[in-house]
Every structure is written in C-alpha cells, then in structure tokens.
Amino acid sequence: MSIQKVGVAGCGLMGSGIAEVAARAELDVVVREVDESSVKAGRGRIEKSLGRAVKKEKISAEERDEILGRIRFTTELEELADRDLVIEAVVEDLEIKNQLFQRLDELCGAETIFASNTSSLTITDMAAAVNRPDRVVGLHFFNPVPVMKLVEVVRTIATSDETFDRAFRFAREVGKEPIAARDNSGFVVNLLLVPYMLDAIRQLERGVASMTDMDKAMVLGCGYPMGPFTLCDFVGNDTTLRIAEIMFDEYREERYAPPPLLKRLVAMGRFGRKSGKGFYDYSGDEPVPLPV
C-alpha cells in the first residue's frame, strides 16, 4: 500500500520541514503541536520556506497555496488517528517520545506505521513501548529538510519487511534519497560525524591550531562545505552535546564523550547560530570568532 495520509507530531525545525516535503509530494498532511502558539510558529516556518521557494522561482505562488492547502494543523492528537504514517519530530527525549507513541498506539488503526525522526536514540527503545513493534521504523531526515536529500531508513530487529519497504518508498516519493541503516545509536551519519566534531573541539582544547584555521583547513584541504566549528554552530552546540551524551551512554567509547569546552559553551547559552553566539558571533554581517 502506498502512503497517502501522513501525520507529523511536532512542528519545530524538523517537523515543519517534513510536513512541507510531504505536502509538496501531494500527500495529505496533518501536523500536530502541543498548543496554538507552537502551531502558529510551525505554520510560519513552512510559509517562510515556501515563500523563499517562490522568490527563487522554484515554485509558483499558486503551487505554494496548493501545498499549504494540503497541510492541516491541530493541537489534538486524535486528528492523527486515520494516518497511514505518523512521523514524530518532538524533543530528543525517549520518555516523551514513548508516551506519544503509546497514545498513538491506542488511537491509530492497526495498519498505521510509526516512524521516528530521532538522530541518536535507538528505534528499538520506541518499538518496545508499543503493541506493534513490527510497524515501527526510523525515518531520519536532515536539516534543512526541504534541501537535504538524504533520509536514513532505520529498521530494528522487529521491523517487518513490509514496514521497511513502505517507509523506504515513502522517502523516495517525497523526493529524497533513502539509505538503509541498522538500528544503532547515531545510525550512519552521526556515527561518523559526531566523533569528527568532538575531536575537532579536543584539538582546539590542546592548542593544535585556532578554530578559524582548523575550519579553513577542512574546507580547503578536504573540500568540506564548512569546517567543524562552523558545523557545530549550525547544528547547535546544545544539540551536539545531547547527541554525544546519548551516544556515549550507548557505546562507552571516548570518541563519543563530549569535551569540557562543549559543555562550557552550552552552559553559557552559546548554542550557535540559533542563539546568535557559539564558537562564532553571528550578530554582524560575517561570523566573528569568539574567545574559548
């Protein structure tokens, strides 16, 4: 069965992007948020993203209106009961995710697939919380969702072939390039990327080079689109810290342990671009390196 009706639980940065790409693919989308202010903020993100697409002449104003018309916003979880697929994009907290899936397990039909957009928690821990572990899968999109092509499709030891195949096809149908990943913390991308980011911070702590020179080295020497410190600020230093803590708890390997400097930046509210300051100051026209 093809997926036609999609539910998205959470309309933050990731949830709004997932809802947008599903609606662009002409699917019927319901987005649920916890309160009206969050609904308003999520709708605003989607409208702003589509507005940029119109300005760049990637879609017409009429297409923008049609896409928005395929998205319904709600604060009621019951509105997701008839969905073929529900993707959670809520806070990276296993207890909150499991409470959500347990409630959806009671509301949704037996054929509904539950998917998580988690970047670091294991899908198995969510599948174990519901009565349909064979219908639970990971669908890890990347930020910004409308632009980034990759989706990691994650299967647990309980995920059925049918569920995995439907989720994999869904990722293709919304214009993404899916890859198959086993259910381990970090999947593929973060399993490889997070140690790189953390090790760059460790080398900065050891005085190997300045962060601007290390950023420049990885851009010019390896062809990376941005250096590790610019990347940390883009991802969010608080997000990187949370992912590192989850992965270190899973593997107990030093390469996943968050460095003290990262903890200090987060304690000071220097989360990166979203807070205006991280490794760099973003208040001006160009980022300026800050003391660390």
(message) Yes or no: the range 198-212 includes at least one residue that is crowded, with 16+ Cβ neighbours inside 10 Å and under 24 Å from N117 (Cα atoms).
(response) yes
(request) Would you be able to tell me the number of residues in the range 145-193 that are in contact with a strand residue (DSSP E or B) (Cβ under 6 Å, 6 or more places away or on another chain), within 13 Å of N117 (Cβ to Cβ) and not aliphatic (A, V, I, L, M)? (result) 3
(message) For the structure I just gave you, tell me whether S160 is modelled with pLDDT under 95 and of a type in the set (S, T, N, Q).
(response) no
(request) Please find, within the range 170-205, the residue that is nearest to V29 (Cα to Cα) out of those that are among the small types (G, A, S) and assigned to a helix (DSSP H, G or I). (result) A171
(request) Would you mind stating whether V21 is more than 23 Å from K149 (Cβ to Cβ) and of a type in the set (V, I, T)? (result) no
(message) Please go through (1) outside any helix (DSSP H, G or I); (2) in contact with a Gly (Cβ under 9 Å, 6 or more places away or on another chain); (3) not aromatic (F, W, Y) for D238 and return the number of the only condition it doesn't satisfy.
(response) (1)
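Can you name the residue in the range 206-223 that is outside any loop (DSSP other than H, G, I, E, B) and among the hydrophobic types (A, V, I, L, M, F, W, C) and, of all such residues, is nearest to P287 (Cα to Cα)?
Kept after step one, since they are outside any loop (DSSP other than H, G, I, E, B), are these residues of the range 206-223: 211-222.
Adding the requirement that they be among the hydrophobic types (A, V, I, L, M, F, W, C) leaves 211, 214, 217-220, 222.
On the way: M211: 12, M214: 15, A217: 17, M218: 17, V219: 16, L220: 18, C222: 21 Å.
Checking each candidate, the answer is M211.
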(request) Being under 22 Å from I123 (Cβ atoms) and acidic (D, E) narrows it down to one of D213, D165, D199, D233, so name that one. (result) D165
(request) Might you let me know whether the range 198-211 holds any residue that is farther than 30 Å from A129 by Cβ, in contact with a strand residue (DSSP E or B) (Cβ under 9 Å, 6 or more places away or on another chain) and either assigned by TED's automatic domain parsing to the domain that holds P258 or among the aliphatic types (A, V, I, L, M) (or both)? (result) yes
(message) Looking at the structure I just gave you, is T230 out of contact with any Ser or Thr (no Cβ under 9 Å at 6 or more places or on another chain) and closer than 18 Å to F142 by Cβ?
(response) yes
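For the range 120-135, which positions are of a type in the set (D, E, K, R), assigned to a helix (DSSP H, G or I) and more than 20 Å from the chain's Cα centre (by Cα)?
D134, R135
Test V266 against the stated conditions and say whether it is surrounded by 19 or more Cβ atoms within 10 Å (Cβ to Cβ), in contact with a helix residue (DSSP H, G or I) (Cβ under 7 Å, 6 or more places away or on another chain), among the β-branched types (V, I, T) and in contact (Cβ under 8 Å) with a residue 12 or more places away in the chain.
So V266 fits the description; yes.
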(message) Take the residues in the range 109-120 that are surrounded by 23 or more Cβ atoms within 10 Å (Cβ to Cβ) and touching a Leu at 6+ places or on another chain (Cβ under 9 Å); name whichever of them is nearest to M14 (Cα to Cα).
(response) N117
(message) Just checking, does the range 281-292 include any residue being outside the structural domain of S119 (by TED's automatic domain parsing), touching a Leu at 6+ places or on another chain (Cβ under 8 Å) and crowded, with 18+ Cβ neighbours inside 10 Å?
(response) no
(request) Go through the range 136-169 and give me each residue that's buried (at least 16 other Cβ atoms within 10 Å of the Cβ), assigned to a strand (DSSP E or B) and within 16 Å of the chain's Cα centre (by Cα). (result) V137, G138, L139, H140, F141, V151, E152, V153, V154
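The values are calculated or read from the model by the stated rules, or taken from the named source; none is laboratory data. Here the structure is a predicted model, which means the values were calculated and not measured. Cβ: placed from backbone, ideal geometry, glycine included. Neighbour counts: every protein chain shown.
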